[in-house]
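The values are calculated or read from the model by the stated rules, or taken from the named source; none is laboratory data. Just so it is clear, the structure is predicted and the values come from calculations on it, not from any experiment. Please note: Cβ atoms are built from the backbone with ideal geometry, for glycine as well, and neighbour counts cover all protein chains shown.
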Amino acid sequence: MGIPGSGLAKGLAVTLRTMTRRAHTAQYPQAQPELPPRTRGVIGLFEENCTVCMLCARECPDWCIYIDSHKETVPPAAPGGRERSRNVLDRFAIDFALCMYCGICIEVCPFDALFWSPEFEYAEEDIRDLTHERDKLREWMWTVPAPPALDPAAEEPKEIAAARKAAEKAAAAEAAKAAEAAEAAKAAEPDGQNGGAS
Ligand code: SF4
Ligand code: SF4
């Protein structure tokens with residue numbers, strides 16, 4: 001059996017220790033939380049990039065992406081060319097009452113049309129209002145943070161490497177051409193002006 005009152009002393013010690021520590025509780029909404037940059041708050045749609053490929057809607061585990069579209073015929077780009085058909089978006093909506101924020105739709109979109117926004121304050125009194133239509137999804141786009149800077153130690157993107165190689169090749173060809181022209185001009189000069197002192 002322990003010393004009488006030791007339990008109470010231990011309890012008080014814990015209380016005192018905790019009292020001196022900084023509280024982790026934030027007084028939301030007076031104090032806004034500091035969110036990590038890749039917070040999954042809400043999904044923004046960059047409509048111009050969407051080709052209505054339906055991949056996001058097919059891969060969504062909750063079936064909460066609703067897309068409607070129709071086909072349009074585009075006239076040929078040049079005379080004699082063939083007409084093309086393209087999908088035109090009529091409806092794009094996400095039901096955030098069903099969404100489980102897995103991010104699969106954003107990962108699978110091949111055209112960079114979906115992005116995470118850290119905004120999370122969109123609670124509604126009516127659950128139906130949690131279905132955000134394309135206009136609202138576009139509004140969220142303006143709250144999407146800029147992509148993080150590339151790691152300085154990262155491998156150079158192959159597009160940049162290819163562009164630099166092409167620019168270097170063009171510059172070398174240009175320099176060779178200029179040298180050739182200078183040689184030709186020198187050769188065309190009369191002997192007296194060609195530096196020949198014989
Ligand atoms: S985050 Fe996941 S659940 Fe939500 S819409 Fe995208 S794929 Fe569906
Ligand atoms: S995967 Fe991307 S491009 Fe395809 S329908 Fe979804 S948002 Fe549009």
- Task: Would you be able to say whether some residue in the stretch 125-132 is modelled with pLDDT under 95 and touching a strand residue (DSSP E or B) at 6+ places or on another chain (Cβ under 8 Å)?
- Result: no
- Query: Listed residues C99, C64, C105, C60; which is out of contact with any Asp or Glu (no Cβ under 8 Å at 6 or more places or on another chain), touching a residue at least 12 places away in the same chain (Cβ under 8 Å) and either small (G, A, S) or within 16 Å of ligand 2 (Cβ to nearest atom) (or both)?
  - Reply: C60
- Query: How many residues, within the stretch 56-73, are farther than 16 Å from A93 by Cβ and within 13 Å of ligand 1 (Cβ to nearest atom)?
  - Reply: 2
- Message: Just to be sure before I move on: is V74 within 16 Å of ligand 2 (Cβ to nearest atom), β-branched (V, I, T) and out of contact with any Gly (no Cβ under 9 Å at 6 or more places or on another chain) in the structure I sent?
- Response: no
- Query: Scanning for something touching a Cys at 6+ places or on another chain (Cβ under 8 Å) and exposed (fewer than 11 other Cβ atoms within 10 Å of the Cβ), does the stretch 140-162 turn up at least one residue?
  - Reply: no
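Conditions (1) surrounded by 10 or more Cβ atoms within 10 Å (Cβ to Cβ); (2) modelled with pLDDT under 90; (3) outside any loop (DSSP other than H, G, I, E, B), marked per residue:
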{"position": "M1", "(1), (2), (3)": "no, yes, no"}
{"position": "L12", "(1), (2), (3)": "yes, no, yes"}
{"position": "W63", "(1), (2), (3)": "yes, no, no"}
{"position": "Y66", "(1), (2), (3)": "yes, no, yes"}
{"position": "T73", "(1), (2), (3)": "no, no, yes"}
{"position": "R86", "(1), (2), (3)": "yes, no, yes"}
{"position": "F92", "(1), (2), (3)": "yes, no, yes"}
{"position": "A97", "(1), (2), (3)": "yes, no, no"}
{"position": "E107", "(1), (2), (3)": "yes, no, yes"}
- Message: Residues that are more than 16 Å from ligand 1 (Cβ to nearest atom) and either in contact with a helix residue (DSSP H, G or I) (Cβ under 8 Å, 6 or more places away or on another chain) or within 25 Å of T51 (Cα to Cα) (or both): does the stretch 112-132 have at least one?
- Response: yes
